[in-house]
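Below you'll find the structure, written out as structure tokens, and then a few comments.
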Amino acid sequence: MRDFDGDGTQDLFVANMTSNDVSFLPGIGDGTFGDHQNYSLDPFPYSVGVGDYNGDGILDTAVVVESTEVVAVFFGNGDGSFTYGDVLSVGSMPHFIVSGDFNGDGRPDLAVANSGSSTISLMLNDTPPIRWLCARVHGSSCNVGQGQSASSP
Ligand SMILES: [Ca+2]
Ligand SMILES: [Ca+2]
Ligand SMILES: [Ca+2]
């Protein structure tokens, strides 16, 4: 839960595993949420990481998609809308993602737990301009591509 649209209220960005999409819900500030915006993905979007991955000062999201074994990055536009961006290949049956600055360079990175192979895929964020560097952790690897599997809204 973070303020994605910069209006001072906490918003939600959630993965909908059985409807194959993600939803942005703008917080009103009184515990309720405004109309949601959905973004389609391949089957089984599982979890969401949050960080400013392209360094523009606006929060972005990174969504694990289990069926295609990728992370789909959505860049925030600052008004509550998102632009579909990078697609990062990860390991077998990826489920959970965490975002943090793992190498201490000030830029948010991504780590994904791959339940099918008992591995972790670590992707280091080398920006600006945005560029993902793949690291191998516990036998897993990752590849970086554009528009490989997920679809725009
Ligand atoms: Ca907000
Ligand atoms: Ca951003
Ligand atoms: Ca980093």
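With (1) within 14 Å of the chain's Cα centre (by Cα); (2) part of a strand (DSSP E or B); (3) crowded, with 16+ Cβ neighbours inside 10 Å as the list, and I120 as the residue in question, which single condition is left unmet?
(1)
Please work out if G8 is without any contact (Cβ under 8 Å) to a residue 40 or more places away in the chain, surrounded by 19 or more Cβ atoms within 10 Å (Cβ to Cβ), within 16 Å of ligand 1 (Cβ to nearest atom) and more than 30 Å from T119 (Cβ to Cβ).
For G8, the condition - without any contact (Cβ under 8 Å) to a residue 40 or more places away in the chain, surrounded by 19 or more Cβ atoms within 10 Å (Cβ to Cβ), within 16 Å of ligand 1 (Cβ to nearest atom) and more than 30 Å from T119 (Cβ to Cβ) - is not met.
Which residues, counting only those in region 3-21, are in a loop (DSSP other than H, G, I, E, B) and within 21 Å of G57 (Cβ to Cβ)? Before the answer, list the steps.
Taking region 3-21 and keeping what is in a loop (DSSP other than H, G, I, E, B), we get 3-10, 17-20.
Across region 3-21, the qualifying residues are D3, F4, D5, G6, D7, G8, T9, Q10.
For region 60-71, enumerate the residues that are touching a Leu at 6+ places or on another chain (Cβ under 7 Å) and either within 16 Å of ligand 3 (Cβ to nearest atom) or closer than 25 Å to D7 by Cα (or both).
Those that are touching a Leu at 6+ places or on another chain (Cβ under 7 Å) and either within 16 Å of ligand 3 (Cβ to nearest atom) or closer than 25 Å to D7 by Cα (or both): A62, V63, V71.
Please enumerate the residues belonging to region 22-48 that are in a strand (DSSP E or B) and either over 16 Å from G76 (Cβ atoms) or charged (D, E, K, R) (or both).
Listed by number, the residues that qualify are F33, S40, P45, Y46, S47.
Residue by residue, here is whether (1) at pLDDT 90 or above; (2) under 28 Å from D3 (Cα atoms) holds:
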| residue | (1), (2) |
| --- | --- |
| F82 | yes, yes |
| V112 | yes, yes |
| N125 | no, yes |
| A135 | no, no |
| G139 | no, no |
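Could you list, in sequence order, the residues of region 40-62 that are touching a residue at least 60 places away in the same chain (Cβ under 8 Å), more than 16 Å from ligand 2 (Cβ to nearest atom) and either crowded, with 18+ Cβ neighbours inside 10 Å or closer than 23 Å to S115 by Cα (or both)?
Selection gives L41, D42.
Name every residue in region 49-70 that is more than 16 Å from ligand 1 (Cβ to nearest atom), assigned to a strand (DSSP E or B) and at pLDDT 95 or above, in order of residue number.
Listed by number, the residues that qualify are G49, G51, A62, V63, V64, V65.
The values are calculated or read from the model by the stated rules, or taken from the named source; none is laboratory data. Note that the coordinates shown come from a computational prediction; the quantities given were computed from them, not determined experimentally. Cβ sites come from the backbone with ideal geometry, for glycine too, and all protein chains shown count toward neighbours.
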